[in-house]
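Undergrad: Here you go, one structure.
The values are calculated or read from the model by the stated rules, or taken from the named source; none is laboratory data. Values in this document were obtained by computation on a predicted structure and should not be read as measured data. Cβ coordinates were reconstructed from backbone atoms using ideal geometry, including for glycine residues, and neighbour counts include every protein chain displayed.
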DNA sequence: CATATCCGATACTCGCTAGTTCCGAATCGC
DNA sequence: GCGATTCGGAACTAGCGAGTATCGGATATG
């Protein structure tokens, strides 16, 4: 009870939080945090309110139920997506894929997978949530892979005959499996094994 | 106390149920069923008891808590493993992998994945459960793949330089991803895509 | 300062579920 | 058949969490 007062150092010049954040967004971020740590079923509104330094009533003034709040939180995760104009362009597919392995990117990915893990049991009960989660978590990663592979095809690095739709899911699937089922970290070594041991060979690039 | 007298014979040809099943096993099977359908958090002892046509008290006479019952149920799933002497041996790796795609096998796999999905949120809270689930669900499938690939190496069909440990997880990972995150069926078409589009190419076998 | 508004906190209600207890009935060992 | 045991069912307790209502205080405005 009365858990962490971990960081209300951080001054907080009166009521202000970040200007560009509405109170709603702060609560949704707290929702994502709790979701990643305890999962949907283990999450309580009180936990979210406490983490956002808000009252439970404040939460219910904005969303009608726990379920709606979570769907909103997932949907707003999508905004933190990578933008395609900032992707690496090293000249080789391997270079691009390796360049994707950098702290902010993989930590963000691991966090998203933790959230997804907390939602799994709910996906069957709420198709709406399932779709929101797919759009926010699964699709972005696959899209990046598809883009990088397509560019490699365009420059003639790999054959256009490969099964792109299946291959773009190799990385995301194995990362999800490792985090959610094996509960091991998705570290650089693992990702390089997937790239060099599966993805590139499958595309006809021998190590 | 509450020591299991796990196998007081079998018998009981009375009106009973399956002959070769003790009451414990029946309850554990019901547990697995409910787990697959509603997940750990959604599962109630009453659901399990009702499905096993038992009283709640009967359940608590055998296990001290819901958690212990589930761990027992998962552990006993392991017994339905494939035995290696019954694996296909068609002469080619592709033939073997395709031969694994048959109704009883893939339905069993899909069911195991549903159970795993219902456990995901609990794995973080119970390392004991996580280990039981890994042994019962993840490991058997990887072992079969490892065996088939090793045999292909031994007969000279594929190079011994491939990253076996990573490749054996491609199928299980992508199947889990599809069932749990995408909520699509693991059908024959999908599995063939994985085999022909990823696994075999990654092993140097061009389609 | 006065007023209207929104916030955080607290204290409820209500339903649900883990776990317990009890009892009549069915079953087993003999 | 006849006790001893176990079973299924149901009633009960206790605690937790969603959702609601209320209230004192802080903010904004003029």
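Undergrad: Condition first: within 18 Å of the chain's Cα centre (by Cα) and within 16 Å of DNA strand C (Cβ to nearest atom). Can you find one or more residues in the stretch A:118-125 that meet it?
TA: Yes, some residue in the stretch A:118-125 is within 18 Å of the chain's Cα centre (by Cα) and within 16 Å of DNA strand C (Cβ to nearest atom).
Undergrad: Within the stretch A:86-106, how many residues are under 20 Å from the mean Cα position of the chain (by Cα) and more than 17 Å from residue A:146 (Cβ to Cβ)?
TA: Residues in the stretch A:86-106 being under 20 Å from the mean Cα position of the chain (by Cα) and more than 17 Å from residue A:146 (Cβ to Cβ): 6 in total.
Undergrad: Tell me which helices (runs of 4 or more DSSP H) are completely within the stretch A:90-207 and hold 1 or more residues being within 12 Å of chain B (Cβ to nearest Cβ), at negative phi and without any contact (Cβ under 8 Å) to a residue 40 or more places away in the chain, or say none if there are none.
TA: A:103-123, A:127-133, A:139-154, A:164-167, A:170-176, A:188-194
Undergrad: Within 16 Å of DNA strand C (Cβ to nearest atom), surrounded by 11 or more Cβ atoms within 10 Å (Cβ to Cβ), at pLDDT 95 or above and away from every other protein chain (no Cβ under 14 Å): is that true of residue B:46 in this structure?
TA: Yes, satisfied.
Undergrad: Right, next: Scanning for something modelled with pLDDT of 95 or more and under 25 Å from residue A:137 (Cβ atoms), does the stretch A:16-28 turn up at least one residue?
TA: Yes, because at least one residue in the stretch A:16-28 is modelled with pLDDT of 95 or more and under 25 Å from residue A:137 (Cβ atoms).
Undergrad: When the stretch B:21-48 is examined, which residues are found to be over 24 Å from residue B:109 (Cβ atoms) and free of Cβ contacts under 8 Å to residues at least 12 places away in the same chain?
TA: Residues satisfying the conditions are B:44, B:46.
Undergrad: Any chance the stretch B:157-165 includes a residue that's more than 21 Å from residue B:70 (Cα to Cα) and either crowded, with 22+ Cβ neighbours inside 10 Å or under 20 Å from the mean Cα position of the chain (by Cα) (or both)?
TA: yes
Undergrad: Restricting attention to the stretch B:53-70, which residues are assigned to a helix (DSSP H, G or I) and either surrounded by fewer than 18 Cβ atoms within 10 Å (Cβ to Cβ) or within 16 Å of DNA strand D (Cβ to nearest atom) (or both)?
TA: Correct list: B:56, B:57, B:58, B:59, B:60, B:61, B:62, B:66, B:67, B:68, B:69.
Undergrad: Can you name the condition, by its number, that residue B:52 falls short on among (1) more than 9 Å from DNA strand C (Cβ to nearest atom); (2) out of contact with any helix residue (DSSP H, G or I) (no Cβ under 9 Å at 6 or more places or on another chain)?
TA: Against the list (1) more than 9 Å from DNA strand C (Cβ to nearest atom); (2) out of contact with any helix residue (DSSP H, G or I) (no Cβ under 9 Å at 6 or more places or on another chain), residue B:52 comes up short only on (2).
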